[in-house]
1. Does Phe239 fit the bill of being over 20 Å from Gly301 (Cβ atoms) and among the aromatic types (Phe, Trp, Tyr)?
2. Please determine, by comparing only the residues of the range 205-224 that are under 36 Å from the mean Cα position of the chain (by Cα) and of a type in the set (Gly, Ala, Ser), which one is surrounded by the most Cβ atoms within 10 Å (Cβ to Cβ).
3. Considering Ile149, Ile246, Ile235, which residue is over 24 Å from Gln305 (Cα atoms), in contact with a helix residue (DSSP H, G or I) (Cβ under 8 Å, 6 or more places away or on another chain) and among the β-branched types (Val, Ile, Thr)?
4. Quick one: which of Asp267, Asp225 is more than 18 Å from Ile80 (Cα to Cα) and outside the structural domain of Gly180 (by TED's automatic domain parsing)?
5. Give, as residue ranges, the strands (runs of 3 or more DSSP E) completely inside the range 213-304 that count at least 3 residues that are at pLDDT below 95.
6. Could you say whether any residue in the range 290-304 is surrounded by fewer than 16 Cβ atoms within 10 Å (Cβ to Cβ), small (Gly, Ala, Ser) and under 18 Å from Leu151 (Cα atoms)?
7. Which of the following residues is buried (at least 21 other Cβ atoms within 10 Å of the Cβ), among the hydrophobic types (A, V, I, L, M, F, W, C) and farther than 30 Å from Ile282 by Cβ: Leu139, Leu151, Leu163, Leu196?
8. With the requirement that a residue be among the aromatic types (Phe, Trp, Tyr) and within 14 Å of Ser190 (Cβ to Cβ), what does the range 202-258 give you?
Amino acid sequence: MSRTRIGSRTHSRRLLAVLAAALLTSCGLFGTPAPSPAPTETATATASTRPRLELSTYQYALQTKGKIRVAVKDGGMPIIMRTAGGYDGFEAELAREVAKAIWGQKDDPNTHIEWVSVDDSTRVSALTSNQADITIAQLVTSDDLKKTIDLSDTYLKTGQRFLVKKSNEDIKETADVASGEETVCAIRGSAAEANLRRITNDRAKILSLDTLEFCLQALASGAADAFTSEEIVLIGLAFKDPNLKIVAKPFTEDLLAIGIKKSANADRQGFREFVNGALLRIVADRTWARLYANYLLPVSGLAKQIPTD
């Protein structure tokens, strides 16, 4: 065999060895490849943890914009209250969970939320006038409301109950006021007054006063043994005054939901379903139960594991 052929084979083997080593290196199986330009660590981490959303959806538009406008009503703790850093409370945490569904669990949701302050008269119009993307402001599901805006699945089931002094052991259930022996204050002409008359067959002894403040004064002075209203109102009152407590199971039913602007020309495509998915996730992973136990259970006294309990 000629030296030329041997030399050629030797050269070929060396070339194959070099190519093999290069291939292994490029696959990450052997050695360390030469560094190449790459995104920054922060950008890579953000991209890898951010949920992938369908391009045609409203949630993708929000993700791209980097902000979600959340309309909230400052009803006081533990429901929701304005703080130096934004808002705190049960409904504020729900807003943060929706933000996490858009930007990921590792992003700080506070950097993506633009809080929009509303009251009872503006919490719906904030959506219809495009001032907010969602409203989390104690909206009660109703057929009439559904004609104006879309509503999510229930995030809290509540109803009408009684507020009494902590020393009161005579009123524990609705039946305890149906005998007419206890005086219950209700705001004159309110749904709460009508509900109490209906549920007790008009046997309850009702003190009808014009304002919430008058009823609280009557409760404090002993002119009334209890005050009746929606639980969501009573929770705020009991939180402020440690001498008061909420009693009895709800005898009406109110389903609170997140408000969403109705889709026009598919501009809110998939968004209601997305918000419902975010609620479903926090129920499934018990985040909802943790938030309820932290914020509402100490005042409500009713244990709940899911929103519809």
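1. no
2. Restricting to residues being under 36 Å from the mean Cα position of the chain (by Cα) and of a type in the set (Gly, Ala, Ser), the top hit is Ala224.
3. Ile149
4. The match here is Asp267.
5. none
6. no
7. It is Leu196.
8. Phe214, Phe227
The values are calculated or read from the model by the stated rules, or taken from the named source; none is laboratory data. It should be emphasised that the depicted structure is a prediction, and the values quoted were computed from it without experimental measurement. Neighbour counts are summed over all protein chains in view; Cβ atoms, including those assigned to glycine, are modelled from backbone coordinates with ideal geometry.
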